[in-house]
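Visitor: Just passing along the structure, written as structure tokens.
The values are calculated or read from the model by the stated rules, or taken from the named source; none is laboratory data. If you're wondering where the values come from, they're calculated on a predicted model, not measured in any experiment. No Cβ is skipped: glycine too gets one built from the backbone with ideal geometry, and neighbour counts run over all protein chains shown. Just the protein is used for accessible areas: all its heavy atoms, side chains included, with ligands, DNA and RNA removed. Shrake-Rupley method; radii C 1.70, N 1.55, O 1.52, S 1.80 Å.
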Amino acid sequence: MRRTACLTALLAAVLATGSGFAQTYPQRAVRIIVPLAPGGGTDNLTRIIAPKLADILGQQFVVENRAGAGGQIGSDFVAKSPADGYTLLTTSSSQATNATLYSKLPYDSIRDFTPVSAIGVSPLVLAANPTLPIKSVADLIGAARAKPGALMYPSAGTGNSTHLGGELFAAMANVTLTHVPYKGLGPGLVDLMAGRLQIVFSTAPSAIPHIKTSRLRGLAVTTAARSNLLPQLPTVAESGVPGYESGSWYGIIGPAGVPRTVVARLNTEITAVLGTAEFREQLMAAGADPMTTTPEQFAAYIKTEIAKWAKVIKLDRKSTRLNSSHVALSRMPSSA
């Protein structure tokens, strides 16, 4: 009886301590690590949400860039940080793709992190050169099946979302497309608009100005639901490729073992920020739509994304060995 009473008292003390910690958290500045260079989508979204969380929680949320190795350096730093809620990571879809793209990571993409909340999702925009008779996803599929491999699309580099979005589309639509990797999407868009390429799975901020000026013809967005950024465009899924979903997503995670009470508090406040009209407008200006989740939903989503992109990457590697499904940049005409 005495032992049971002691264990009960100890458990009550632990729960009380955790609850008290959540109520007083944060008591000092919180660092949010961005594992990529300043100026990109991950960095921009972090710098939008950080001051909002600071206002709500009464402490500084300091954004710190630790770029390198495709996001591995910053991610590894957070994975090995104290699990007290004072070092967080803005993760993105690269968290899912890196798990397969790199044969050996210094951390486990699932076990070494605590998901807190998603923040937003930025669609890719499937677009075509407007001089081509491709005015819909159905037209694109028909043209690709008529001449396998004839339709070429640029990307910002092998393994980038603008590459893998195309590979997923080809696999799910049962067509053959030719991937042309560039060192950044800009030169690829120049070649597309000049008629050297035919289609693109572009980031939204890069595509929207050219769609508005009719230099590109928007066909669809790649997210599961229509985007507020381009409400006139259907999704790929509703245009003949059911279940298709791609794009870049963003969220906040911490090291493994962050107290559940702290995770719950952060998730609650992040969800509150995402619900404000001001933040939604800022998010849209940065090329993203809000994406709200519970910690459990975000954890499940990350696992699903890792499994999905593992299949796409492995299929792409196999097809690359068996045929010439990729064109080297050096073989393309100059975009100058």
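Visitor: Multiply the residue gap between I56 and A264 by 0.36 nm, knock off their C-alpha separation, and tell me the result in nm, one decimal place.
Guide: In short, 73.4 nm is gained.
Visitor: Let me ask another. Cβ neighbours within 10 Å, averaged per peptide: list 51-62, 123-134 in order, most packed at the top.
Guide: So the peptides 51-62, 123-134, ranked by packing, come out 123-134, 51-62.
Visitor: For Cα pairs less than 8 Å apart in space and 6+ apart in sequence, what is the mean separation divided by the residue count of the chain, i.e. the relative contact order in percent?
Guide: Relative contact order for the chain comes out at 25 percent.
Visitor: When the chain is modelled as a GNM with alpha-carbon springs shorter than 10 Å, which of Q95, Q297, Q72 fluctuates the most?
Guide: Comparing Q95, Q297, Q72 in a Gaussian network model of the chain, the most mobile one is Q297.
Visitor: Multiply the residue gap between K147 and K183 by 0.36 nm, knock off their C-alpha separation, and tell me the result in nm, one decimal place.
Guide: The span from K147 to K183 would gain 10.2 nm if fully extended.
Visitor: Take the range 139-269, compute every pairwise Cα distance, and split them into 5 Å bins from 0; I just need the percent in each bin.
Guide: Per 5 Å bin, starting at 0, the Cα pair percentages come out as 2, 10, 18, 20, 18, 11, 6, 6, 5, 3, 1, 0.
Visitor: Which one of G188, G70, G165 has the biggest mean-square fluctuation once the chain is modelled by GNM with Cα springs under 10 Å?
Guide: The residue that fluctuates most here is G70.
Visitor: Whenever you get a sec, compute what percent of the accessible area on the chain sits on carbon and sulfur atoms (1.4 Å probe).
Guide: Here carbon and sulfur together make up 57 percent of the probe-accessible area.
Visitor: Further question on the same structure: Can you list the equivalent-ellipsoid semi-axes of the range 210-306, largest first and in whole Å, using the square root of 5 times each Cα gyration tensor eigenvalue?
Guide: Semi-axis lengths for the range 210-306 are 30, 18, 10 Å.
Visitor: Now, a different point. Going by a ≥ b ≥ c, the root eigenvalues of the Cα gyration tensor, does the range 39-82 fall in the rounded group (a/c under 1.5), the prolate group (a/b larger than b/c) or the oblate group?
Guide: Oblate.
Visitor: Something else about it: Starting at the first residue of the range 143-159, write each ³J(HN,Hα) from the Karplus equation 6.51 cos²θ - 1.76 cosθ + 1.60 with θ = phi - 60°, in whole Hz, x for Gly and Pro.
Guide: These are the phi-based 3J(HN,Hα) values: 5, 5, 6, 5, 9, x, x, 6, 7, 10, 10, x, 9, 7, x, 4, x Hz.
Visitor: Provide the per-residue ³J(HN,Hα) series for the range 87-99, in order, calculated from phi with Karplus coefficients 6.51, -1.76, 1.60 and θ = phi - 60°, each as a whole number of Hz, with x at glycine and proline positions.
Guide: 10, 10, 10, 8, 9, 8, 4, 5, 4, 7, 6, 4, 4
Visitor: Counting pairwise Cα distances across the range 81-203, what percent come out greater than 19 angstrom?
Guide: 55 percent
Visitor: A further question on this structure: Regarding the range 71-119, what are the three Cα extents along the principal axes, ordered largest first, in Å?
Guide: 30, 23, 17
Visitor: Obtain the radius of gyration and the Kirkwood radius of the range 236-278 from its C-alpha atoms and give Rg over Rh.
Guide: Radius of gyration relative to Kirkwood radius: 1.19.
Visitor: Given charges of +1 on the Cβ of Lys and Arg and -1 on the Cβ of Asp and Glu, with all other atoms neutral, how large is the dipole of the chain about its Cα centre, in debye to the nearest 20?
Guide: Its charge dipole is roughly 680 debye.
Visitor: Please give the calculated 222 nm ellipticity per residue for the chain, where each DSSP H segment of at least 4 residues contributes -39500 (n - 2.57) and the sum is spread over every residue; nearest 500 deg cm²/dmol?
Guide: -14000 deg cm²/dmol
Visitor: State, in angstrom, two size descriptors of the range 30-155 derived from its alpha carbons: Rg to one decimal place and Dmax to the nearest whole number.
Guide: For the range 30-155, the Cα radius of gyration and maximum Cα-Cα distance read 19.4, 60 Å.
Visitor: Quick one: in the chain, what % of C-alpha pairs are over 29 Å apart?
Guide: 42 percent
Visitor: For a quick check: with amide H placed at 1.01 Å from N, whose amide H comes under 5 Å from F61's, ignoring anything fewer than 5 positions away on the same chain?
Guide: V30, A54
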